[in-house]
1. Could we say that Arg32 is open to solvent by 60 Å² or more (accessible area, probe 1.4 Å), touching a Lys or Arg at 6+ places or on another chain (Cβ under 6 Å) and either aromatic (Phe, Trp, Tyr) or part of a strand (DSSP E or B) (or both) here?
2. State which residue is modelled with the highest pLDDT when the search covers only region 126-145 and only residues that are within 15 Å of Val89 (Cβ to Cβ), open to solvent by less than 60 Å² (accessible area, probe 1.4 Å) and among the aliphatic types (A, V, I, L, M).
3. Which of the residues that make up region 13-29 are over 21 Å from Ser158 (Cα atoms) and in a strand (DSSP E or B)?
4. Report every pair of residues separated by at least 6 positions or lying on different chains whose Cβ atoms are under 7 Å apart, first residue within region 58-84 and of a type in the set (Asp, Glu), second not in a strand (DSSP E or B).
5. Got at least one residue in region 48-69 being open to solvent by 80 Å² or more (accessible area, probe 1.4 Å), among the hydrophobic types (A, V, I, L, M, F, W, C) and under 30 Å from Phe108 (Cα atoms)?
6. Can you spot a residue in region 83-94 that is in a strand (DSSP E or B), among the aliphatic types (A, V, I, L, M) and surrounded by 15 or more Cβ atoms within 10 Å (Cβ to Cβ)?
7. Does Gly44 satisfy the criteria of being open to solvent by 70 Å² or more (accessible area, probe 1.4 Å) and closer than 19 Å to Ile156 by Cα?
8. Say whether the condition of being under 16 Å from the mean Cα position of the chain (by Cα) and surrounded by 14 or more Cβ atoms within 10 Å (Cβ to Cβ) is met by at least one residue in region 103-117.
Amino acid sequence: FDSFNELFEGATIRLPDATVEDRIIGIKLTLRLTNIRCTEILVGDILITYNRDSNQRLSYQVEVVDLDLTCYLDYRYDYGFVGGNGNAVANTDNNDAVVAFAFTSTNFDQAPANDVIMESCTADVNVADLDFDGDWISSILDIMERLIRGTVEGEIQSVACGELTSLADGGLQNILDRVSDLV
C-alpha cells in the first residue's frame, strides 16, 4: 500500500470542535478542543467483498484495516477559577473502519446500476497516546488523558463515517449517473 499511502501524503482531515466536561475533586473541568486536524495517514490494508443478492442488488463491504494517523489540536481549559490553553498531539494506532453499501438496478442483466445505498458504517479508533503541552495544568491533563482520549476517538470515528457516507452518497452516485448517461 505504499503507492496508495503516497496519495494521502500531506493530506489533512479537519474535525469539528468538541467540549469535554467532568468533575475533578468536586470542581468542574471544561476542556474545549479546537482546530483538530489529522495528518500522517497510513492505511495497512483494504478488503473489499461483494455479493450479488439478486439481479437488482449488489452488496459491497469495504474494510479499512490498520489505519494510523496523528491528530493535532488546540485546547482551552477552565477549572474552577483557573484557566489556560495549549496544544496536544494524539497518536492513533490500529484503527479499523467498515462500510457497507449496495448498488441497485432495475435488472443488472439488462441495465447498469442506477442507485447507491449506504447501509452502515462502523469505525474503531484507538488513541494510543495523547500528549498535552502548555502551562502547569497540562501535566494534570496528561494524568486525565483517559477522559479526553474517548472524546477524541469519538470525534474521529464520527468524521470517518461521515466522510465515507458522503463519498458513497455523493461520489459514487455521481459516477453512476455519468455511467448511466454514457450507456
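The values are calculated or read from the model by the stated rules, or taken from the named source; none is laboratory data. Predicted model only: the values in this text are computed from it and were never measured. With ideal geometry, Cβ positions are generated from the backbone for all residues, glycine too; neighbour counts draw on all protein chains shown. Heads up: the accessible areas ignore ligands, DNA and RNA and are worked out on the full protein's heavy atoms, side chains in. Shrake-Rupley method; radii C 1.70, N 1.55, O 1.52, S 1.80 Å.
1. Judged against the criteria, Arg32 is a match.
2. Within region 126-145, the match that is modelled with the highest pLDDT is Val127.
3. Asp22, Arg23, Ile24, Ile27, Lys28, Leu29
4. Asp66/Asn94; Asp68/Asp93
5. Yes, some residue in region 48-69 is open to solvent by 80 Å² or more (accessible area, probe 1.4 Å), among the hydrophobic types (A, V, I, L, M, F, W, C) and under 30 Å from Phe108 (Cα atoms).
6. yes
7. Answer is no for this residue.
8. No, there is no match, as no residue in region 103-117 is under 16 Å from the mean Cα position of the chain (by Cα) and surrounded by 14 or more Cβ atoms within 10 Å (Cβ to Cβ).
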